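What follows is one structure encoded as structure tokens, with my remarks underneath.
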Amino acid sequence: MPSPALRLPSIDGLRAFEMAARLGSFERAADALNITASAVAKRVATVEDLLGTALFTRGPKALALTASGKEYLTQVSAALAMLAAVPLHQRSVQRTTRLRVTATPTFARQILVPNLEAFTRAHPDVELEVLLSIPYLDAGNSDADVEVRHGDAAAGGGTPLMDDVVLPMAAPTLLARLPAMRAPADLAGAPLLRTPLEPWAPWFAAAGLDWAEPTHGPKLVDLGLTLEAAVSAQGVALARPSLARTWLASGALVALPFGVLARPATQYYVMPHAPGGAAALFAQWLGQACAHVATDALALVSGSR
């Protein structure tokens, strides 16, 4: 019986080490394993921490194995070959690809999850794991295969997912309590909901209003909470139809009849990922799904004006 103190590395960690050693870089190993280079590096680092020794010397050129790494590679390669030869490990039912996806909360709830069935139905061999990332708190150290972020796509080095617009929306019950909203300047008498994730400045400029950002009322650091506050008639929200689509369709929110749309200050974008395999398939599908969502949501807004 093995000692209770025995600590074994994960199979994923061993595969990452073996692939990086054989191909000479984390990037090539990432392509072969259909994960990100940072995920390969983290898995290798976990194995090194467990062993208490470095397996690679890291420098500006290709990875090089240390003496311990060369010895360990021989042992790991033999062990992985033995595991691969086990007949039960070769059953087609187990030939699935795991794909970890992170997304911001409102995007995940309003866009990703409602459309996810189309991807899983088309790719039953991909096992998805969806996690939420929190803007401002996550430091960009995710080991996800596909990351959806919210912010400046150019600065973040990502690809925008859709051509979003923003416009004022409110609950009918709130509008019934306010003076008639016929022109953008009529918003001066309305409570405006605040969130740093969706500043009013782009829409004010598009509407010809020389106004500063609202300074009164709660500040909601979440787009979903801002929409919930608008639905409960607490104020007028500057919102994206793509995120408010469900409430627009039900009539819980209506677009104010100003006919002014603006480009938002930020975008939803997908970060670079493995160029092939499940990550690339998912990113391509997500871009197409987001384009359909944006088009359908804009049609709801056009029909309400």
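The values are calculated or read from the model by the stated rules, or taken from the named source; none is laboratory data. Please read all numbers here as calculations on a predicted model, not as lab measurements. Virtual Cβ from ideal backbone geometry, glycine too; neighbours counted across all protein chains shown.
What's the total number of residues in the range 17-56 that are of a type in the set (Ser, Thr, Tyr), modelled with pLDDT of 90 or more and either surrounded by 21 or more Cβ atoms within 10 Å (Cβ to Cβ) or over 16 Å from Asp143 (Cα atoms) (or both)?
So the count comes out to 1.
Tell me yes or no: at least one residue of the range 71-80 is crowded, with 19+ Cβ neighbours inside 10 Å and modelled with pLDDT of 90 or more.
yes
Can you name every residue in the range 151-160 that is more than 26 Å from Ala207 (Cβ to Cβ) and assigned to a loop (DSSP other than H, G, I, E, B)?
Passing the criteria: Gly157, Gly158.
For the range 268-288, enumerate the residues that are in contact (Cβ under 8 Å) with a residue 12 or more places away in the chain, in a helix (DSSP H, G or I) and out of contact with any Leu (no Cβ under 8 Å at 6 or more places or on another chain).
Matches in the range 268-288: Gly277, Leu281, Ala283, Trp285.
Residue-by-condition table, conditions (1) buried (at least 17 other Cβ atoms within 10 Å of the Cβ); (2) under 30 Å from Arg98 (Cβ atoms); (3) of a type in the set (Phe, Trp, Tyr):
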site	(1), (2), (3)
Asp210	no, no, no
Val236	yes, no, no
Ala239	yes, no, no
Ala274	yes, yes, no
Gly277	yes, yes, no
Val293	yes, yes, no
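Let me confirm something: among Arg182, Arg149, which residue is surrounded by 19 or more Cβ atoms within 10 Å (Cβ to Cβ) and of a type outside the set (Phe, Trp, Tyr)?
Every option except Arg149 fails the conditions.
Identify, from the list Ala265, Ala230, Ala294, the residue that is touching a residue at least 24 places away in the same chain (Cβ under 8 Å), in the same structural domain as Glu127 (by TED's automatic domain parsing) and not acidic (Asp, Glu).
Residue meeting the stated conditions: Ala294.
Inside the range 12-119, counting only helices (runs of 4 or more DSSP H) that do not spill past its ends, which hold 2 or more residues that are more than 30 Å from the chain's Cα centre (by Cα) and of a type in the set (A, V, I, L, M)?
37-51, 67-84
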